[in-house]
Amino acid sequence: MKLVSYNIQYGFGSDGLYDPARAARIVAGADIIALQEVERHWRRSNFDDQPELLSRLLPGYHWVYGPAFDMDASEQRDGRIINRRRQFGTMVLSKLPIVWSRLHALPMRRTLRPLNTRNAALECMIRTPAGPVRVLSLHLAHIAAEERLEQIDYLLAEHRRAPSDGGPWSGADDEPARNWSNGEPEPENPLAAIWMGDFNMEPGSAEYRRIVGSTPYHRGAAYLDGFVDAAAVAIEPADDFHTHEKIIDGRLAKRRLDHCFVGGLFAGRVRSVSSDIGEVASDHFPVRVDIDLETPAGPGGG
């Protein structure tokens, strides 16, 4: 399956032009798409409802939108309130049905300066031939490593207790007339997971090591309840792999801030990882991952 993660910078390219359709064209065709910095009802983006707009531009997908930032943007018109929310968040689109989803509001440290905004991780459970998997589209804090570490610790704790927590509902329906289950079996909340998004961290950082661990003797070691960097276990690692370019202290910095981390069960299924270096539809480059989620899982689950 083809996966892509893309911080679309609310439709604004590195050339300053607002054109969310460009971002849609770039990700079109992938089986699972994780987007960050998607917004609704902001003046700067023509008050567009970008999730709805993107869903029309990508009509072959199931989708869920998760706002991290939510403010009132309603107005009165002809004596009635037009309810609108000014939102900013993440999105997942999938050719396979998204069985259930939930939004994780991540820990946030209140700042005096500069501006800090709420971050979130949108979690979507998708049934693939390789088994059910929780796909997260996330965006971590941009200011400080300490805040990102708190956010990662929160997500790791949620990840490890997922199987015992269960999904949106669990147990036998003892009031069938109320139809809580809609006639469906209890939905899975598997340990298998894939995290994609803008992590605002580079390989080797404290935050990166918090996710993949420190494995000096076994590069790419995969724990059952842990994660590996898809780029570290890809059969053909891309040369000059980076996802963001910025002038810092007068020099062009090429950084890999966007990542895909796969659960240990999928470590051997990653085929390739790359980025569309030089793409101008955003200030980030999209990350593309080719991973075998089409081969049914074996007795060990992977």
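The values are calculated or read from the model by the stated rules, or taken from the named source; none is laboratory data. Source: prediction; values computed, not measured. We place every Cβ from the backbone using ideal geometry, glycine too, and count neighbours over all the protein chains shown. Keep in mind that these areas ignore ligands, DNA and RNA; they rest on the heavy atoms of the full protein, side chains included. Shrake-Rupley method; radii C 1.70, N 1.55, O 1.52, S 1.80 Å.
Here's the yes/no breakdown for (1) within 25 Å of Leu122 (Cβ to Cβ); (2) assigned to a loop (DSSP other than H, G, I, E, B); (3) in contact with a strand residue (DSSP E or B) (Cβ under 8 Å, 6 or more places away or on another chain):
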{"site": "Pro168", "(1), (2), (3)": "yes, yes, yes"}
{"site": "Asp173", "(1), (2), (3)": "no, yes, no"}
{"site": "Pro203", "(1), (2), (3)": "yes, yes, yes"}
{"site": "Tyr208", "(1), (2), (3)": "yes, no, yes"}
{"site": "Tyr223", "(1), (2), (3)": "yes, yes, no"}
{"site": "Ala232", "(1), (2), (3)": "yes, no, no"}
Original post:
Has the stretch 75-90 got any residue that is surrounded by 14 or more Cβ atoms within 10 Å (Cβ to Cβ), among the aromatic types (Phe, Trp, Tyr) and either within 20 Å of Ala157 (Cβ to Cβ) or at pLDDT below 95 (or both)?
Top reply: no
Original post:
Asp70: open to solvent by 10 Å² or more (accessible area, probe 1.4 Å), of a type in the set (Asp, Glu), within 22 Å of Ala141 (Cβ to Cβ) and modelled with pLDDT of 95 or more, yes or no?
Top reply: yes
Original post:
Out of (1) open to solvent by 30 Å² or more (accessible area, probe 1.4 Å); (2) within 30 Å of Phe285 (Cα to Cα), what's the single condition that is false for Trp169?
Top reply: (2)
Original post:
Mind checking which residues of the stretch 105-125 are open to solvent by less than 30 Å² (accessible area, probe 1.4 Å) and not hydrophobic (A, V, I, L, M, F, W, C)?
Top reply: Asn116, Asn119, Glu123
Original post:
Hey, any hits in the stretch 289-302 for a residue that's at pLDDT 95 or above and either basic (Lys, Arg) or under 20 Å from Met201 (Cβ atoms) (or both)?
Top reply: yes
Original post:
Within the stretch 23-54, which residues are open to solvent by 10 Å² or more (accessible area, probe 1.4 Å) and over 22 Å from Asp276 (Cα atoms)?
Top reply: Arg40, His41, Trp42, Arg43, Arg44, Asn46, Phe47, Asp48, Asp49, Glu52, Leu53
Original post:
Considering only the stretch 126-154, how many residues are more than 12 Å from the chain's Cα centre (by Cα) and either open to solvent by less than 10 Å² (accessible area, probe 1.4 Å) or over 20 Å from Met91 (Cβ atoms) (or both)?
Top reply: 19
Original post:
Pro163 fails exactly one of the following numbered conditions: (1) surrounded by 15 or more Cβ atoms within 10 Å (Cβ to Cβ); (2) closer than 15 Å to Gly263 by Cβ. What is the number of that condition?
Top reply: (1)
**OP:** Check the stretch 255-273 and report whether any residue there is under 18 Å from Gly197 (Cβ atoms), assigned to a loop (DSSP other than H, G, I, E, B) and aromatic (Phe, Trp, Tyr).
**Re:** no
**OP:** Kindly state which strands (runs of 3 or more DSSP E) lie completely within the stretch 25-139 and contain at least 1 residues that are in contact with an Asp or Glu (Cβ under 6 Å, 6 or more places away or on another chain) and among the aromatic types (Phe, Trp, Tyr).
**Re:** 85-94
